[in-house]
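Each value in this text was obtained by applying a stated rule to the coordinates, not by laboratory testing. Please read these numbers as outputs of a predicted model, since none were measured by experiment. Note: ideal-geometry Cβ built from the backbone for every residue, glycine included; neighbour counts use all protein chains shown.
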Amino acid sequence: MTYQAGPGGFSTISPFTYEALPTRVLFGSGTRAQVAAEAARLDLSRVLVLHGPPHAGVARQCESELGARYAGTFDGARMHTPVEVTEIALEQVAKQRIDGILAIGGGSTTGLAKAIALRTDLPQIVLPTTYAGSEMTPILGETRDGLKTTLRSLKVLPETVIYDIDLTMDLPAALSGVSGMNAMAHAVEALYARDANPIVQALALQSVRALARALPVISEQPLHREARGDALYGAWLAGICLGTVGMALHHKLCHTLGGTFGLPHAETHAVILPHALAYNAPAIPEVMRQLCEALDVTHDAPAALHAINRKIGAPAGLSALGMASDGISRAVELALANPYWNPRALARDELMQLITDAWRGDAPRSYPGTD
Ligand code: NAD
């Protein structure tokens, strides 16, 4: 009798390394009521609350629940974590003798919490309100003099993450869609990571299933509670993937496009994903088969992702995000400038096609097989 490798092609004897990250996670509806208990668990007595403009009300609630453990609030977080903002927040940390952080918001607010933790080692509790997934990673991107650099350190990994589905209910439909595709990108790239492993692969496929099912529904019915729950669950899993294994072409391109052309984070991820996956497809046939299964299509996973983009009303292309056409060749040069691992070798002509297609908002093309 022939014995075949299990679903995913991993046989139990294929060697791999897996390292779990030690974040405590609470998931559900109304879970923000646990903030004070979690602060007590971490033995925090002077908590600084970080939040953005949409979450002033939730922040006031959390401050009052924290009671005597509440020490101050900072609402100045900005996209891409500028170091000058971190420095202002650090002055407050010192002045108010802060011993822990509560961050309420998307990747920008979480980024500030992580930047403070990097410099102080303060414990963090994070209440995510988007699907960006930063809360599950030991990664911090910071901007100094307009240049964004990324580092990995366990110091920035939040101690506790409280996922409260209620906090995502008012995330606007359009932002929900692209933020969800940002999460989808973490899961997709985890499937073909150089250090992929069966645990992360299982989480990634589950994440793709949950997000693919939920995002089109949320776009039509933003208050659909089950779909919101699935999307947040998928985003959590995708965040674990991002934090555990290395990313490739898709994330590198988005990092370059965001940093160099100032394109918005989630929208850029949504636009690039089908094209980056199509580019890598010839090198990863087994991943493509698994992705089709998870996306519930018989073939052409990049086309299925493109179709989800259309359903959620993602921006048509990089041009719609404000990138000028003369940026295309610059983006290609930047993508080739610092070599990094990718399942398929980077070829200038084909990268030009990829970014041009993404710029125009065309459907992803098929690329020839690898040699
Ligand atoms: P964001 O945090 O900037 O939020 C986008 C906008 O949505 C903001 O205006 C915010 O106020 C608003 N918003 C957030 N939640 C809302 C809600 N529930 N209702 C209404 N409005 C809401 O954007 P993001 O996409 O969450 O995060 C992007 C940032 O996170 C980038 O700087 C990116 O580099 C970083 N990031 C880092 C990692 C990592 O692992 N280090 C991972 C993903 C993203």
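Both radii come from the Cα set of segment 54-102: Rg as radius of gyration, Rh as Kirkwood radius; their ratio Rg/Rh reads 0.98.
For segment 101-250, the convex hull spanned by the alpha carbon atoms encloses 107 Å³ per residue. A run of the chain free of exposed loop cleavage sites, with chymotrypsin sites (Phe, Trp or Tyr not before Pro) counted only in DSSP states other than H, G, I, E and B and at most 16 other beta carbons within 10 Å, reaches its longest extent at 19-339.
Against the empirical curve 2.2 N^0.38 Å, the C-alpha radius of gyration of the chain lands at a ratio of 0.98. The Cα atoms of segment 133-201 define a convex hull whose projected area, averaged across directions, is 6.7 nm². Seen from GLY141, the other residues with C-beta closer than 12 Å to its C-beta sum to a net charge of +3, counting Lys and Arg as +1 and Asp and Glu as -1.
For the chain, the longest principal axis of the Cα atoms and the long axis of helix 83-95 meet at an angle of about 30 degrees.
All distinct Cα pairs of segment 235-366 go into the 1/r average, and the inverse of that average, the Kirkwood radius, is 15.1 Å.
Subtracting the Cα-Cα distance of ALA68 and ALA40 from their residue separation scaled by 0.36 nm leaves 9.0 nm. Building the convex hull from the alpha-carbon atoms of segment 216-257 and averaging its projection over directions returns 3.9 nm².
Rounded, prolate or oblate: which fits segment 98-152 when a ≥ b ≥ c are the square roots of the eigenvalues of the alpha-carbon gyration tensor, with rounded for a/c under 1.5 and prolate only if a/b beats b/c? Judged from the Cα gyration tensor, segment 98-152 comes out oblate (a/c at least 1.5, b/c at or above a/b). Result for the chain in a Gaussian network model with C-alpha springs under 10 Å: among LEU112, LEU249, LEU42, the largest mean-square fluctuation is at LEU42.
What does the charge count near ALA304 come to, summing +1 for each Lys or Arg and -1 for each Asp or Glu among other residues with Cβ under 14 Å from its Cβ? Neighbourhood net charge equals +2.
Over every Cα atom in segment 1-108, the radius of gyration and the widest Cα-Cα span, Dmax, amount to 20.4, 71 Å. Computed on the chain, with alpha-carbon pairs under 8 angstrom and 6+ residues apart, the relative contact order is 15 percent.
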